[in-house]
Amino acid sequence: MTRHLLSSDDLTSAQQASIIARAVHVKKDRREHALTLEGRSVAMIFEKPSTRTRVSFEVAVSELGGHPLVLKPDEVQLGRGETIPDTARILSRFCDAIVIRTFAQHRLTALAEAASIPVVNALSDEEHPCQALADVMTIGERFDDLSSVRLCYLGDGNNVCHSLLLAGAKAGLERVDVASPPGYEPDAAVVARAQAIGEETGTVIAVSSEPAAAARGAHVVYTDVWASMGRESEREERLARFRGFAVSSAIMASAAPGAIAMHCLPAHRGEEIDAEVIDGPASAVWDQAENRLHTAKAVLEWVLSS
Ligand code: CP
Ligand code: NVA
């Protein structure tokens, strides 16, 4: 069966742990491991901007000995109305996997249904599973026992938040507390699914509108932009609604001793995170970003081993 990674829920807890373990392994010896993608071509379609995802996947394919093709919609027929299924069928005849950043999740599902090769979600409006893998890897580098880690996510209940809820539950963290302004909470179905996973793995999932209470005693304080790609027109309204949900020095002071601050980046200093936090000693964001490369390699190997 073709392996796709469209959602963080496409991986079992064991598969997630094994992809992260492989990423930890390849990180130790970045240029020494086997050329596991030799002779393979990976098409990468970006319908939204990207720095980390695009560069990490392109470098990952190259370092594993494969050939990455970055396709921008305005340079391929997809941007002129060629359908997603036709694009999937054609790329399946030429390439070995497709990595795609797009808007609605159904574009990914349609691509995967028509493709005969693996499809990887490089961010959709609903999820960012590759980011969540790097996030769990980074938490594992900082804390020996994931089952005693309390993660708090402050801000928009968006794609990054959804994947973090699912991956955090699969990793068996002690708690994932999300605090969002009313109306900006994560999708109720995703929260319910994370709670169901948590019942198996021991993770408590809670959503509130109380940032101070959510952050108190947390080991990891995570945030993301308040206006995601595609939501730029809502920026002014969101800046007003999200006031009080920033990861500030005061929030970090109320977290557990030794707590780390995480952000998937790009960041807006002075909005969702204060400069002294992201640029200070508690910040794990640069390791977190680097881990996108190592997890990208492990994801590509996993989908291509199907
Ligand atoms: N975190 C992340 O996905 O960054 P990019 O948008 O730069 O890829
Ligand atoms: N939630 C953000 C993540 C960027 C990596 C967005 O979708 O724009």
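The values are calculated or read from the model by the stated rules, or taken from the named source; none is laboratory data. Because the structure is predicted, anything quoted here is derived from the model rather than measured. Methodologically, a virtual Cβ is constructed for each residue, glycine included, from the backbone with ideal geometry; neighbour enumeration extends over all protein chains shown. In case anyone asks, the SASA skips ligands and DNA or RNA and just uses the protein heavy atoms, side chains included. Shrake-Rupley method; radii C 1.70, N 1.55, O 1.52, S 1.80 Å.
Tabulated data for the structure shown
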quantity	calculated
Charge dipole of the chain about the Cα centre (unit charges at C-beta), most positive-ward option of His263, Cys130, Val24	Val24
Accessible-area composition of the chain, carbon plus sulfur, in percent [1.4 Å probe]	51 percent
Two-site label geometry, Glu290 and Ala213: point separation in nm, points 7 Å out along Cα→Cβ	3.9 nm
Helix 285-304 axis, angle to the chain major axis (alpha carbon atoms, nearest 10°)	40 degrees
Extension gain, His33 back to Thr51 (0.36 nm per residue minus Cα-Cα distance, nm)	4.0 nm
Residue (of Gly172, His106, Ala60) at the positive-pole extreme of the chain, dipole from beta-carbon charges	Ala60
By accessible area with a 1.4 Å probe, ligands and nucleic acids excluded, highest first: order of Val285, Val55	Val55, Val285
Cα-Cα over 26 Å, subset of Lys28/Lys72; Lys27/Lys72; Lys28/Lys170; Lys28/Lys48	Lys28/Lys72; Lys27/Lys72; Lys28/Lys48
Size of electric dipole in segment 132-275: Cβ of Lys, Arg +1 and of Asp, Glu -1, about Cα centre, debye, nearest 20	140 debye
Top positive-direction residue, dipole computed over the chain with Cβ charges, set His33, Gly230, Met44	His33
Contour excess over end-to-end distance, with Cα ends at Ala189 and Gln77 and 0.36 nm allotted per residue	36.9 nm
Backbone HN-Hα couplings from phi across segment 253-264 [Karplus 6.51/-1.76/1.60, Hz, Gly and Pro as x]	5, 8, 6, 5, x, x, 5, 10, 9, 10, 7, 6
Surface per residue (accessible, 1.4 Å probe) for the chain, Å²	42 Å²
Charged-residue dipole, Cβ positions (Lys, Arg, Asp, Glu), segment 231-282 about Cα centre, Debye nearest 20	120 debye
Lys, Arg +1 and Asp, Glu -1 on Cβ, resulting dipole of the chain about Cα centre, debye, nearest 20	480 debye
Extended-chain gain in nm, criterion 0.36 nm per residue less alpha-carbon gap, Met1 and Ala104	34.6 nm
